[in-house]
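Report on one structure; see the data block that follows.
Values quoted throughout were computed directly from the atomic coordinates according to the rules given, and no laboratory measurement underlies them. It should be emphasised that the depicted structure is a prediction, and the values quoted were computed from it without experimental measurement. Don't worry about glycine lacking a Cβ; one is built from the backbone with ideal geometry, like all the others, and counts go over all protein chains shown.
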2 protein chains.
Amino acid sequence: MKLSTQPYKGTRDFYPEDMCLRNWMFAKMRRVCESYGYEEYDVPVLEPLELYASKTSEEIINQQSFSFLDRGDRKVIMRPEITPSVSRMVAARRQELGYPLRLYSIPNCFRYERPQKGRLREFWQLNADIFGVESIEADTEMIKLADDIMKEFGAKEGMYEIRVNSRKFLDKKVKEAAPKVEMQEVTRLIDNFEKMDETDFEAGLSRAVEKPDGLYQFLISGAETEELKEIKSKCKSSGVDIRVEHTLARGFDYYTDIVFEVFDKNPGNNRSMFGGGRYDNLLSNFGVEPVPSVGFGMGDATLLNFVKANKLVPELKTSTDVAVLLIGNVYEKSRPIINSLRGLGVNVSVDYEDRKVDKKIKSALKRGERYVLFIGQDEIQKKQFTLKDLDTSKETKETLENIARTVKTRQTRTR
Amino acid sequence: MKLSTQPYKGTRDFYPEDMCLRNWMFAKMRRVCESYGYEEYDVPVLEPLELYASKTSEEIINQQSFSFLDRGDRKVIMRPEITPSVSRMVAARRQELGYPLRLYSIPNCFRYERPQKGRLREFWQLNADIFGVESIEADTEMIKLADDIMKEFGAKEGMYEIRVNSRKFLDKKVKEAAPKVEMQEVTRLIDNFEKMDETDFEAGLSRAVEKPDGLYQFLISGAETEELKEIKSKCKSSGVDIRVEHTLARGFDYYTDIVFEVFDKNPGNNRSMFGGGRYDNLLSNFGVEPVPSVGFGMGDATLLNFVKANKLVPELKTSTDVAVLLIGNVYEKSRPIINSLRGLGVNVSVDYEDRKVDKKIKSALKRGERYVLFIGQDEIQKKQFTLKDLDTSKETKETLENIARTVKTRQTRTR
C-alpha cells in the first residue's frame, strides 16, 4: 500500500521556510511578552477531560474536541486551549507563587474543525496571563500588551481596532431581559451579532429572550459604565484607543468581567482576530481560594493571514550561512578548516557528494543558501578560499576570517 | 466536584524555572545543529495511524501508542517519534528539495509507558537527519554531531561512550544463524543483551535460533568489518572515539545499516541515552525513489538526568530583569518611565497592588527576580530611581540608563 504524503487534515507541515516564518512570529511575541515581565511556561498536550469539560465552551467540548480513552480507560483531551491548564498549574502552587504573576506560553492546541482560512485542527496560540491583580490596571496592561505585539509586527493604527466590553454588565442586562433563559445561549447569540444581519439578529433575540426590546436597545447603544470609562481612559494614557462594543461577549464561559478583542479592519478580512478577558473564578474549581486573572490568546493562523495581507513579513533567511563544496579528495584536510569556520560562529553545511560542481550549486540554491565556499588542495595550501555569492554570482578569494564576516552580515533572504 | 491540580500521568507542567532549563537545553541543541547546517522544521502531533503502523516498532504501535478514531472515524496517532513523519515530508517534495538536506526538530512525542526515570508519556526529542548522502561521511557527521552536542553540554570523555554497529552485517549473521525465524524477534532479543545476564541471554538465543553458537560467538567478538573500520577511522580523524558493539541493534525496524548509541558511563545510571542510524528505504513507502538517510533522536528526560547527575546545569535566571514597585499614586506618571526602561532593552514587571512594600518585595523574591526599582513622586521629579539588589540588599540611586546597565549585566541566578 502506498502511503499518502499529505499531513492529517487541518494540520500543517513546517518546512524550513515555514518554520523560519513561525520562529520569526514567535520571537516577536516572546520579546514583547518578556519586556512586560511575562515568564514562559508550558503545559501538557494531554489533560484529563474533566479539566476542560464545562470549563471552556460546550461547543468545543462536545463538537470540536480531540478526546478519547487512554489504554487505562482514562478520559483524556488534547488541549483545545490552555486557560484551564494554566489555572490548574497556578492552583497547584497557589501559596508558593509570587503575585502579580505573569505567564506566557505559545502552545499548539487542537480542535476538530472544518478546516478553513484561519481555522485549523492544530494551531499555535500565544497565551499571556496575569494572576493576582484585582484592579483594572491588569486589564489595561493586557490590552496594551496585545496592542504592542500588533505594533511589533508593524501593524498601523487603521489596520486593526481594539474592542472592549464588560461581561459582568452584559450578563446583568441579559439576566434582566431573560431571567429564565440559559445565559450561555443568549450570550452565544449576542456574540454572533457581528456576523448576522440586523433583522435576523432581532428575530433571534425575540425568540430567545422574554424582554428583547430593552436588551436590543442596550446592545446597539454606546452606553458606557464607570468601569468601561475608566479602562478607556487608562488605555488612552498608555497610547491605546479602544472602542466599547456591547455585543462583544467572547466564546468562553469562564469570563467574568472585562473582555476585549482585536478586530481586523481590512475590508477583505473583516473579523475578530483574537481576544481575551478577565476570569476571576477559574481557580475555585480546584478547591483553592480564587486568584483574579486576566489573559488573552492569539492564534498563529489568523495573525499570519493578517501580516501577509498587510505585507508585514520581512525577507527571512536560512540559518545556514554557507555551503562548503569539497573539491577532490580533501575530506580529511578540510575538517579543521570547517571546524575553524564553525568556531567563528558560522553555520556551515558540507556537500560530501562526488558529483559536478554545478549540481552542488543547484542543491545549495534549492536549500536557499546564499554562499558557497570551495575547499580544494590549492585553497588549503594557500589558506585563501573561494567564496561565491549565489545572489550576485560574484567570486572572491578570502581568508577564513573575512569569509566569516561576509557571510554573517548578509541581509537578504535568498530562499 | 473538586478538580485535581496534578497533570496527566507521565506528563509534566513546566513552571517558569523548568521552562528556563528546557529552553537552555534546546538552545544548545539548536546552536550545534545549526552550526552544522541543519535547518529547523516541524510536523503535526497527529498523523494518520497507517504512517506509523509497521514502520516504527510493533511494541510502540500495539502497546504504547496514543491512537484513536477522530470524529470522522479516521484512525489517528499522536506521534510516538517523528522519523516516518519527516520521511513523509521529504517524499512530498522529493524533487524540489536540495540534497544533502539537513533537518532538525525538537518535537514532543507521546507514548503510553509506565512512567519511570527517563521514561515519560510526553517527552521532547531532538531529531537531526541528513538526507541524500549514500557515503559513510553522513554517518560520521551524525555521530560527530551527537558528540558535539554532548560536549556543548559540558560532558567530558569518561562520562559517556559512543557505540556503533552495522545492522546490515548483524542482520546477515542473524539470517545465517536463524534462517526461518522472524528477524525482528531475534533483533529485539539481541538488543536486550546489555540488560540481561549472560546465561539468560544464551538460553534465550538457544530457544530463538537454529544455530545459536556461531551467532553468540560473533556477538561477543569485537570483529570489525571494512565498513566499521572505516567509520571508526573517520570518526577518529574528527576527534571522536567510538566502540564497535555487535549486540547493538536499536529498537526501530527501519534501520538498514550503521546504527549508533550514546551510552551513559555513570555507574549509577549505566544505560543507553539515545541513538540513531541509517534508514535508506523509508521513502519507498510513499511510492517515490528512496533517499539515503541517517538520523538520530535525543530525548530530553534522559539528557536532563545526565546533565543533572554530572552537575552540568548552570545557574539560570528569570527573563524578567527588574520589578517596578509603584510608591503612592503615580500610575499615570510612571508609564513613560517604564516605557523608557523597556526601550532600553530591560524586561520590566510592574506591581500595581496597593499594599506594603515588604509584601511586594516578598512577591518579587518568590518570582525569582533579583532587582526591584522604586518609582514614587520624588523619584519621578529628580529622575533618580532607587534600585534594590535583593541578593545583597544594597540600595543605590541611579539614572534610568545606569539601572538598565546594572540589571542587564547581572550574572547570577536568583530563583
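Annotations
- The distance linking segment A:128-203 with segment B:1-27 is 31 Å (Cα centroid to Cα centroid, whole angstrom).
- Greater than 23 Å apart at Cα, pairs in A:K333/A:K397; A:K173/A:K265; A:K9/A:K311; A:K356/B:K229; B:K360/B:K388; B:K232/B:K265: A:K173/A:K265; A:K9/A:K311; A:K356/B:K229
- Among the residues of A:14-26, the average count of other protein chain beta-carbon atoms within 10 Å of the residue beta-carbon is 4.
- Taking label points 7 Å from Cα along the Cα-to-Cβ direction, A:K180 and A:K168 give a separation of 3.0 nm.
- Residue-count net charge about A:D147 - beta-carbon cut-off 11 Å; Lys, Arg +1, Asp, Glu -1: -4
- Per-residue ellipticity at 222 nm, computed for chain B from helices alone with -39500 (n - 2.57) per DSSP H run of at least four residues, works out to -11000 deg cm²/dmol.
- Counting only aspartates and glutamates at least 8 places from A:K75 when in the same chain, those with an alpha carbon closer than 15 Å to its own are A:E47, A:E50, B:D70.
- Note on A:Y279, B:Y15: ascending count of other Cβ atoms within 10 Å places them as B:Y15, A:Y279, the fewest first.
- Footprinting exposure proxy ranking of B:R250, A:R30, fewest other C-beta atoms within 10 angstrom first, gives A:R30, B:R250.
- The distance from the alpha carbon centre of segment B:227-271 to that of segment A:378-410 is 36 Å, rounded to a whole number.
- The local environment of A:L283, defined by Cβ-Cβ distances under 11 Å, has a net charge of 0 under the rule Lys, Arg +1 and Asp, Glu -1.
- For chain A, the longest principal axis of the C-alpha atoms and the axis of helix A:83-92 are separated by about 90°.
- Among beta bridges that DSSP assigns inside chain A, antiparallel share in %, nearest 5: 75 percent
- Across B:K28/B:K317; A:K2/A:K362; A:K28/A:K317; A:K144/A:K195, pairs whose alpha-carbon gap is larger than 22 Å: A:K2/A:K362; A:K144/A:K195
- For B:K156, a cut-off of 15 angstrom between C-alpha atoms picks up these aspartates and glutamates, skipping any fewer than 8 places away in its own chain: B:D147, B:D148, B:D241, B:D264.
- Cross-link partners of A:K175 among lysines (Cα-Cα below 17 Å; sequence separation of 8 or more within a chain): A:K211
- Integer Hz, Karplus 6.51/-1.76/1.60 couplings in order for segment B:23-39, x for Gly and Pro: 4, 4, 4, 5, 4, 5, 4, 4, 4, 5, 4, 5, 5, 9, x, 7, 10
- Whole-Å distance, taken between Cα centres, linking segment A:45-117 and segment B:56-73: 22 Å
- Peptide B:150-157 - average C-beta neighbours from other chains (10 Å radius): 0
- Cβ-placed point charges (K, R +1; D, E -1), dipole of the protein assembly as shown about Cα centre in debye, nearest 20: 1300 debye
- Shortest first, A:L312 label-point distances to identical copies amount to 4.1 nm, with the label point at 7 Å from Cα along Cα→Cβ.
- Backbone amide hydrogens, once placed in the peptide plane, bring A:C109 within less than 5 Å of A:F123, A:W124, A:Q125, excluding anything fewer than 5 places away on its chain.
- Each Lys or Arg adds one and each Asp or Glu subtracts one; over the other residues with Cβ under 9 Å from the Cβ of A:G214, this totals 0.
- Length-normalised contact order of segment A:109-204 in % [C-alpha pairs under 8 Å, at least 6 apart]: 11 percent
- DSSP-assigned coil residues among chymotrypsin sites (Phe, Trp or Tyr not before Pro) in segment A:157-214, each with at most 11 further Cβ atoms within 10 Å: none
- Pair B:N402, A:N329: separation of 7 Å Cα→Cβ label points (nm): 6.8 nm
- Taking every residue in B:363-369 and counting other chain Cβ atoms within 10 Å of its Cβ, the average works out to 4.
- Spin-label proximity, A:E161 to segment A:195-233 - amide N less than 14 Å from point 7 Å beyond Cα toward beta carbon: A:195, A:220-222
- Neighbour counting of Cβ atoms within 10 Å sorts the residues B:E230, A:E245, fewest neighbours leading, into B:E230, A:E245.
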